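Trainee: Before I ask anything, let me first share the structure, which is written out below as structure tokens.
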Amino acid sequence: MANAPVILITGSDLAAEAVALLQGFELVFAGKQPTEAELIALCRQHNPVAILVRYGKVPAAVMDAAPALRVISKHGSGIDVIDQAAAAERQIHVCSAPGANAAAVAEHTWALILNCAKSVLTLDARMREGFWDKSTHKSLELEGRTLGLIGLGAIGSRVARAGNAFGMRVLAYDPYARELPVGCEAARSLEALLAEADVVSLHCPLTEANREMLNMDTLALFKPGAILVNTARGGLINEAALAEALTSGRLQGAALDSFSVEPLTAPHRWQAINNVIISPHIGGVSDASYVKMGTVAAQNILHVLAQEQR
């Protein structure tokens, strides 16, 4: 679209519904997993008024390459990939789409919990190898066990309700939560939650204050044989310490949908550890959430730009 303001999308696609909302703009797609250098080059070429962030990071150098930039809108809820301090210094608005992928992430969380507790992948592999483990295998029954949630926003609250449905005691640690879902108890402290939970699931944003909150010391507080699930951010966990807890048998298992460095490159430590399940940070990606995240991200851009013109 000639002379139309540009919106740079750090990905190769966007839901048709979101594209329709942005019809007055020229949309420039940066492609899959764009590098910082590629984003800088595109910003210098197109000088976008907005960046819609699907993949990759947006540091200060990218912002400085786009003098017209007024808003950075995340296609999802996690804005740790955006240098928020740099954006504030440059009076660039940073927006997210909280809750747009909550159902998808909560469902994936439970898929991972159940896979760990019921050894679904292990049993499937054993049967394909010709084994029949009925007389020797015992799965972990969740009813009556304690589910510990770190973070109780839109996703954590959904996971909590499902925990109640499974007959679990639900314990939550979130110093920012104003109220708890029905059937959910507040943990006295993070340490108390880790000591009491049979399943620990992470649902908090990544900040400098909680980076590697699960490390050698805090992992030592877990109940022997506990399960850890992370569908939040990889930086919440010291991965070397978790690998040691898994290989030593301190934890029964773990399931990870996010990692400190993404994408994973082979070989990586998790390939050699049998009691960890890994997925490529797709917990929040579903047919419905793809549309919701795209449209909310687009609406956020439109709202900020409309405010700027007043």
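Trainee: Which condition does Leu242 not pass, out of (1) touching a helix residue (DSSP H, G or I) at 6+ places or on another chain (Cβ under 7 Å); (2) assigned to a loop (DSSP other than H, G, I, E, B), if it passes all the others?
Mentor: (2)
Here is a yes/no grid of residues against (1) out of contact with any Asp or Glu (no Cβ under 8 Å at 6 or more places or on another chain); (2) under 19 Å from Asn300 (Cα atoms); (3) modelled with pLDDT of 95 or more; (4) in the same structural domain as His203 (by TED's automatic domain parsing):
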| residue | (1), (2), (3), (4) |
| --- | --- |
| Gln23 | yes, yes, yes, no |
| Lys32 | yes, no, no, no |
| Ile40 | yes, no, yes, no |
| Tyr55 | yes, yes, no, no |
| Ala61 | no, no, yes, no |
| Pro67 | yes, no, yes, no |
| Ala85 | yes, no, yes, no |
| Ala88 | yes, yes, yes, no |
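Trainee: Same structure, new question: Hey, could you check the stretch 57-99 for residues that are hydrophobic (A, V, I, L, M, F, W, C), in a loop (DSSP other than H, G, I, E, B) and in contact with a Ser or Thr (Cβ under 7 Å, 6 or more places away or on another chain) and say which is surrounded by the most Cβ atoms within 10 Å (Cβ to Cβ)? Break it down into steps so the answer makes sense when it comes.
Mentor: First, the residues of the stretch 57-99 that are hydrophobic (A, V, I, L, M, F, W, C): 58, 60-63, 65-66, 68-69, 71-72, 79, 81-82, 85-88, 92, 94-95, 97.
Restricting the remaining residues to those that are in a loop (DSSP other than H, G, I, E, B) gives 65-66, 68-69, 79, 81, 92, 97.
Restricting the remaining residues to those that are in contact with a Ser or Thr (Cβ under 7 Å, 6 or more places away or on another chain) gives 79, 97.
Details: Ile79: 21, Ala97: 24.
Among those that are hydrophobic (A, V, I, L, M, F, W, C), in a loop (DSSP other than H, G, I, E, B) and in contact with a Ser or Thr (Cβ under 7 Å, 6 or more places away or on another chain), it is Ala97.
Trainee: Okay, moving on. Report, by residue number, each residue of the stretch 246-268 that is part of a helix (DSSP H, G or I) and surrounded by 20 or more Cβ atoms within 10 Å (Cβ to Cβ).
Mentor: Going through the stretch 246-268, the residues part of a helix (DSSP H, G or I) turn out to be 246-247.
Across the stretch 246-268, the qualifying residue is only Leu246.
Trainee: Same structure, new question: Could you check how many residues of the stretch 270-310 are touching a residue at least 40 places away in the same chain (Cβ under 8 Å) and acidic (Asp, Glu)?
Mentor: Going through the stretch 270-310 one residue at a time, the tally reaches 1.
Trainee: Moving to a separate point now. Go over the candidates Pro263, Pro267 one by one and state the one that is assigned by TED's automatic domain parsing to the domain that holds Cys204 and in contact (Cβ under 8 Å) with a residue 60 or more places away in the chain.
Mentor: Numbers: Pro267 fails: in contact (Cβ under 8 Å) with a residue 60 or more places away in the chain.
None of the others qualify; the one that does is Pro263.
Trainee: Going through the stretch 189-239 one residue at a time, which ones are among the small types (Gly, Ala, Ser), under 27 Å from Gly167 (Cα atoms) and not in a loop (DSSP other than H, G, I, E, B)?
Mentor: Correct list: Ala192, Ala195, Ser201, Ala226.
The values are calculated or read from the model by the stated rules, or taken from the named source; none is laboratory data. Quick caveat: nothing in here was measured; it's all calculated off a predicted structure. Cβ atoms come from the backbone with ideal geometry, glycine included; neighbour counts cover every protein chain shown.
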